[in-house]
Amino acid sequence: MNGSSLPAEDADTSYTTFTGWVDRPTDLTASLDATISCDVTVVGGGLGGMATALRLAERGVDVVLLESDFCGYGASSRNAGQISAKPTGEPQILAKTNPQLLRDLVRFAGRSVQFAEDLIKQLGIECDYEAVGNVGAAVTKGQLRKALRDAQALSDAGATLQFGDQHELGLPDTFLGGVLTPAGGTMNPGMFTLGVRAALLESGVRVFERSPVQSVDDIGSGATVTTPLGRVRAKKVVLANNAWAPELAITPQRVSRPLWVNMIETGPVERERIEATGWTSRSGLATKHNVMESYHVTPTNTIAVGVRRLQIGKNPIADRISDPVVVADLTDAFRARFPSLRDVPVTKTWGGWIAMTSSRAPVAGKASKNVYYAIGCNGHGLGQAPYLGSLLADRLTTDEIHPDMRPWWQSGNHFPRSLYLHNPVLRAAWLADRIGDRRAGR
């Protein structure tokens with residue numbers, strides 16, 4: 001595995017500053033080292049930025065994409081590999097306070113999954129996609145009651161789902177039950193991302209990797225994008241840099257904050273041993289904790305485990321490795337949920353920066369006359385970021401806002417301070433989860 005590896009307390013675990021899903025590509029494009037012009041410059045080569053550039057190129061637009069490392073380097077290739085039609089946020093609260101927003105979220109999440117599946121087929125991407133759905137899974141009676149209430153709220157908002165117990169949903173026997181969202185499933189996000197990148201490099205889009213953007217300036221008649229060695233003069237600019245968005249002065253204040261998310265992966269486990277735990281469905285799992293635990297069994301029968309803790313970063317954000325304390329915590333979670341697999345080693349750990357908006361919903365809008373932005377992450381970027389990017393591309397070329405993007409379109413650039421995007425709050429949420437687990441154990 002390429003990347004910077006450091007020794008862990010557990011000698012079996014490899015720490016890396018890169019993703020654990022794929023190796024780094026060897027065909028990086030040249031850096032921008034001149035002054036050039038184009039119709040639209042896309043800043044950021046994640047799934048959102050690449051989808052934006054691809055759709056613009058399909059419509060005959062002259063596009064330049066700038067990426068600080070290589071396309072897909074960030075959260076696009078580092079996430080849990082679960083693509084779900086379950087929306088972000090708290091369904092019960094939204095059902096009472098803003099039922100229309102909940103319906104919008106349900107529709108957008110479902111169509112995002114369909115968009116990603118269509119993209120896989122259209123581009124012929126081999127990414128180990130398994131349409132096994134995902135389960136919001138309960139490990140305590142309180143979580144099971146919450147899952148049932150969530151299921152009712154989501155069903156009323158138009159979602160297709162199934163509430164069931166552990167046996168009905170084919171879950172590991174330490175889970176009590178949950179809510180299956182059948183649309184979506186699991187994949188290797190690194191392979192998916194590199195597949196989109198390959199299509200981008202063949203599309204006619206001028207792609208400059210290893211070209212970090214230092215500034216974006218709206219000059220009225222267009223915009224200027226500056227990198228260390230070059231400059232792009234564009235009619236319009238799209239900011240698709242997600243977690244890195246706040247680093248540019250032109251980005252609206254408080255539009256999002258960067259969160260560090262960790263992953264671990266086990267060594268291979270015999271399929272019979274996995275099925276013996278009760279996990280016969282192989283659906284992706286996300287617990288109903290305040291800060292979820294995610295579980296994904298891969299085609300090679302390793303188990304990827306994620307999240308459980310979140311940490312807010314400060315700008316400028318930089319590469320980092322997983323904290324051994326967090327890795328130990330994720331390992332404890334895996335062993336608690338799969339006690340019969342306690343002997344299975346954790347072989348890899350990695351992490352990545354995601355963008356979290358104060359509303360926990362996608363956002364898109366105009367930072368200035370000629371500069372646009374789109375953020376579709378909030379832990380659901382695998383499907384939502386590329387769909388939102390394609391809708392923004394349509395907005396630039398038709399001057400119309402698609403109904404699926406209208407709820408997220410910002411008419412102004414004033415974002416409220418978030419009540420929960422603070423490290424002490426996230427730490428308290430983790431502690432509350434652990435107290436709940438201990439009580440359930442007793």
Note to self: Checking K288 against (1) open to solvent by less than 20 Å² (accessible area, probe 1.4 Å); (2) touching a residue at least 60 places away in the same chain (Cβ under 8 Å); (3) not hydroxyl-bearing (S, T, Y), only one condition comes out false. Which one?
What the structure shows: (1)
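Can you tell me which residue in the stretch 227-241 is most open to solvent (accessible area, probe 1.4 Å), limited to those that are in contact with a helix residue (DSSP H, G or I) (Cβ under 8 Å, 6 or more places away or on another chain) and in a strand (DSSP E or B)?
We begin by selecting, within the stretch 227-241, every residue in contact with a helix residue (DSSP H, G or I) (Cβ under 8 Å, 6 or more places away or on another chain); these are 236, 238-241.
Right, trim to in a strand (DSSP E or B) and you get 236, 238-239.
Working: K236: 55, V238: 2, L239: 5 Å².
Within the stretch 227-241, the match that is most open to solvent (accessible area, probe 1.4 Å) is K236.
Pick from the stretch 345-393 the residues that are assigned to a loop (DSSP other than H, G, I, E, B) and surrounded by 24 or more Cβ atoms within 10 Å (Cβ to Cβ): which of them is farthest from the chain's Cα centre (by Cα)? Steps first, please.
Restricting attention to the stretch 345-393, the residues satisfying the condition of being assigned to a loop (DSSP other than H, G, I, E, B) are 345, 357-362, 367-370, 376-380.
Next, from what is left, pick out any that are surrounded by 24 or more Cβ atoms within 10 Å (Cβ to Cβ): 362, 376-377, 379-380.
Details: P362: 12, G376: 8, C377: 5, G379: 4, H380: 5 Å.
Step by step, filter the stretch 345-393, then rank; the result is P362.
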Notebook entry, point to check: Which residues, taken from the stretch 394-442, are open to solvent by 50 Å² or more (accessible area, probe 1.4 Å) and acidic (D, E)?
Noted result: D399, E400
Note to self: So S203 passes all but one of these: (1) crowded, with 22+ Cβ neighbours inside 10 Å; (2) touching a helix residue (DSSP H, G or I) at 6+ places or on another chain (Cβ under 7 Å); (3) part of a loop (DSSP other than H, G, I, E, B). Which condition number does it fail?
What the structure shows: (1)
Next item on the list: Please work out which one of (1) free of Cβ contacts under 8 Å to residues at least 12 places away in the same chain; (2) in contact with a Cys (Cβ under 8 Å, 6 or more places away or on another chain) is the condition A318 fails and give its number.
Entry: (2)
Note to self: Going residue by residue through the stretch 242-257, is there one that turns out to be touching a Leu at 6+ places or on another chain (Cβ under 7 Å), open to solvent by 10 Å² or more (accessible area, probe 1.4 Å) and under 23 Å from F108 (Cα atoms)?
What the structure shows: yes
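Listed here are the residues, each with its yes/no results for (1) hydroxyl-bearing (S, T, Y); (2) open to solvent by 50 Å² or more (accessible area, probe 1.4 Å); (3) on the phi > 0 side of the Ramachandran plot; (4) not in a strand (DSSP E or B).
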| residue | (1), (2), (3), (4) |
| --- | --- |
| A51 | no, no, no, yes |
| L94 | no, no, no, yes |
| R107 | no, yes, no, yes |
| C127 | no, no, no, yes |
| V135 | no, no, no, no |
Next item on the list: Would you point out the residue of the stretch 299-318, among those that are open to solvent by 20 Å² or more (accessible area, probe 1.4 Å) and charged (D, E, K, R), that is farthest from L431 (Cα to Cα)?
Entry: K314
Checklist line | Count of residues meeting criterion [crowded, with 24+ Cβ neighbours inside 10 Å, more than 10 Å from the chain's Cα centre (by Cα) and closer than 17 Å to R360 by Cβ] in the stretch 71-92 | finding: 5
Margin query: Going residue by residue through the stretch 138-158, is there one that turns out to be in a strand (DSSP E or B), open to solvent by less than 50 Å² (accessible area, probe 1.4 Å) and modelled with pLDDT of 95 or more?
Written below: yes
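The values are calculated or read from the model by the stated rules, or taken from the named source; none is laboratory data. Since the model is a prediction, treat every value here as computed from it, not as a measurement. Neighbour counts run over all protein chains shown; Cβ positions are idealised from the backbone, glycine included. All accessible areas refer to the heavy atoms of the entire protein, side chains included, with ligands and DNA or RNA removed. Shrake-Rupley method; radii C 1.70, N 1.55, O 1.52, S 1.80 Å.
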